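Written out below as structure tokens is the structure these notes cover.
The values are calculated or read from the model by the stated rules, or taken from the named source; none is laboratory data. Everything quoted here is computed from the prediction, not taken from an experiment. As a convention, Cβ positions derive from the backbone with ideal geometry for all residues, glycine included, and neighbour counts pool all protein chains shown.
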Amino acid sequence: MEGLDEFKKAIAKYGHFFKHARVDKAQAISVEEIQQTIASRARVELDTGRSLEENVEYLNSKGLLAQWAAEIGGRIGDKVDNPGKALEAALEGRLEEQGARAMLLAIQAVARSYADKLLERGVGYEPSARCPVCGLESRTMVRRGRWFNMICHFCGYEWRVSNRMVCPYCGESNPVAVGVYGDKARRVMLAKCHTCNSTWRVVMDETIRAPRILLPLIALKAEQFQVFANLGSGRGDAGLEWSQIHAEGGYEE
Ligand SMILES: [Zn+2]
Ligand SMILES: [Zn+2]
């Protein structure tokens with residue numbers, strides 16, 4: 001995992017890319033700090049021969065997950081009185097329930113540590129938008145040389161999708177059917193598949209250097225090109241999820 005200094009620098013440098021997400025930067029840094037601490041503690045417990053889910057179950061059975069959730073809860077003001085209930089609520093996406101956000105952030109720290117371990121063996125290949133590690137659907141693509149990779153907004157895992165612009169939702173590869181919209185700078189762009197109507201964000205400019213976990217947030221800048229793509233309000237918003245999990249605040253069109 002990239003260090004806290006890199007995280008802070010990237011927040012300062014690219015904050016204007018996600019100004020509409022209303023991220024509380026100080027809290028994002030505070031959460032990152034504790035997540036990194038927990039990720040390094042989780043690291044020695046994780047077994048990449050087993051699934052992420054099995055690892056989370058194991059950490060939960062040892063009482064570590066509850067302990068870590070309580071620590072995060074102390075930072076974000078979300079008390080975890082009943083770890084079992086908080087875990088259930090976190091997994092079911094009921095983040096307004098007490099302790100659920102703290103628990104989800106603890107699970108995320110574990111997931112990030114697990115994804116990091118896998119990435120040490122190299123970037124995987126998976127021709128879809130679904131994260132091979134945690135199963136969530138990504139909306140963030142990054143260009144890496146001749147490759148287009150996806151990045152998970154939750155665990156930070158990165159995987160290769162294709163070596164040209166292909167829709168990661170339906171596999172459409174006809175360049176006429178997949179449009180990419182942006183401004184002259186071509187730093188962050190919005191892609192749209194006219195076959196399945198999916199949209200996703202693409203960090204095109206490889207000089208944008210930031211910790212992987214921040215790239216989905218930086219990619220939110222692409223939302224300003226929705227008008228060019230002549231789109232409606234869009235679909236499930238991975239960036240919104242990211243900012244909800246990491247820091248309070250919603251996304252404004
Ligand atoms: Zn993931
Ligand atoms: Zn498609």
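Taking the stated definitions as given, is residue 156 at positive phi, away from ligand 2 (no atom under 16 Å from the Cβ), without any contact (Cβ under 8 Å) to a residue 12 or more places away in the chain and not assigned by TED's automatic domain parsing to the domain that holds residue 49? No. Give the residue, chosen from 45, 32, 6, that is in a loop (DSSP other than H, G, I, E, B) and either more than 18 Å from residue 117 (Cα to Cα) or not aromatic (Phe, Trp, Tyr) (or both). Step by step, each of 45, 32, 6 is checked, and only 45 is in a loop (DSSP other than H, G, I, E, B) and either more than 18 Å from residue 117 (Cα to Cα) or not aromatic (Phe, Trp, Tyr) (or both). Under the condition of being over 16 Å from the mean Cα position of the chain (by Cα) and farther than 20 Å from residue 71 by Cα, the residues counted in the range 16-47 number 5. Of the residues in the range 94-102, at least one is buried (at least 20 other Cβ atoms within 10 Å of the Cβ), at positive phi and at pLDDT 95 or above. Taken as a whole, the condition of being under 30 Å from residue 172 (Cα atoms) and either crowded, with 17+ Cβ neighbours inside 10 Å or in the same structural domain as residue 221 (by TED's automatic domain parsing) (or both) applies to residue 150. The lone criterion from (1) part of a helix (DSSP H, G or I); (2) at pLDDT 95 or above; (3) not acidic (Asp, Glu) left unmet by residue 75 is number (2).
All of 160, 75 fail the test of being within 23 Å of residue 219 (Cβ to Cβ) and away from ligand 1 (no atom under 13 Å from the Cβ), apart from 160.
Which of the residues that make up the range 9-24 are in a helix (DSSP H, G or I) and either in contact with a strand residue (DSSP E or B) (Cβ under 8 Å, 6 or more places away or on another chain) or surrounded by 13 or more Cβ atoms within 10 Å (Cβ to Cβ) (or both)? The answer is 9, 10, 11, 13, 14, 15, 17, 18, 20, 21. Contact map, the range 81-100: residues that are assigned to a helix (DSSP H, G or I) paired with residues that are of a type in the set (Lys, Arg), Cβ distance under 9 Å, separation 6+ or inter-chain. Pairs shown: 86/101; 88/94; 90/101; 100/85; 100/94.
What do you reckon, is residue 211 more than 16 Å from ligand 2 (Cβ to nearest atom) and touching a residue at least 24 places away in the same chain (Cβ under 8 Å)?
Values: more than 16 Å from ligand 2 (Cβ to nearest atom): yes; touching a residue at least 24 places away in the same chain (Cβ under 8 Å): yes.
The answer is yes for residue 211.
None of 137, 126, 206 is away from ligand 2 (no atom under 14 Å from the Cβ) and under 26 Å from residue 53 (Cβ atoms) except 126.
Can you go through 219, 229 and tell me which one is over 30 Å from residue 113 (Cβ atoms) and either modelled with pLDDT of 90 or more or buried (at least 17 other Cβ atoms within 10 Å of the Cβ) (or both)?
Details: 219 fails: over 30 Å from residue 113 (Cβ atoms).
229 is the lone residue from the list that is over 30 Å from residue 113 (Cβ atoms) and either modelled with pLDDT of 90 or more or buried (at least 17 other Cβ atoms within 10 Å of the Cβ) (or both).
If only residues of the range 116-134 that are in contact (Cβ under 8 Å) with a residue 12 or more places away in the chain, of a type in the set (D, E, K, R) and farther than 13 Å from residue 150 by Cα are counted, the one that is nearest to ligand 1 (Cβ to nearest atom) is 116. Does residue 186 satisfy being outside any loop (DSSP other than H, G, I, E, B) and charged (D, E, K, R)? Taking the combined requirement at face value, the residue does not satisfy it. Look at residue 181 and say whether it is among the hydroxyl-bearing types (Ser, Thr, Tyr), buried (at least 20 other Cβ atoms within 10 Å of the Cβ), touching a residue at least 40 places away in the same chain (Cβ under 8 Å) and farther than 12 Å from residue 127 by Cβ. So residue 181 does not fit the description; no.
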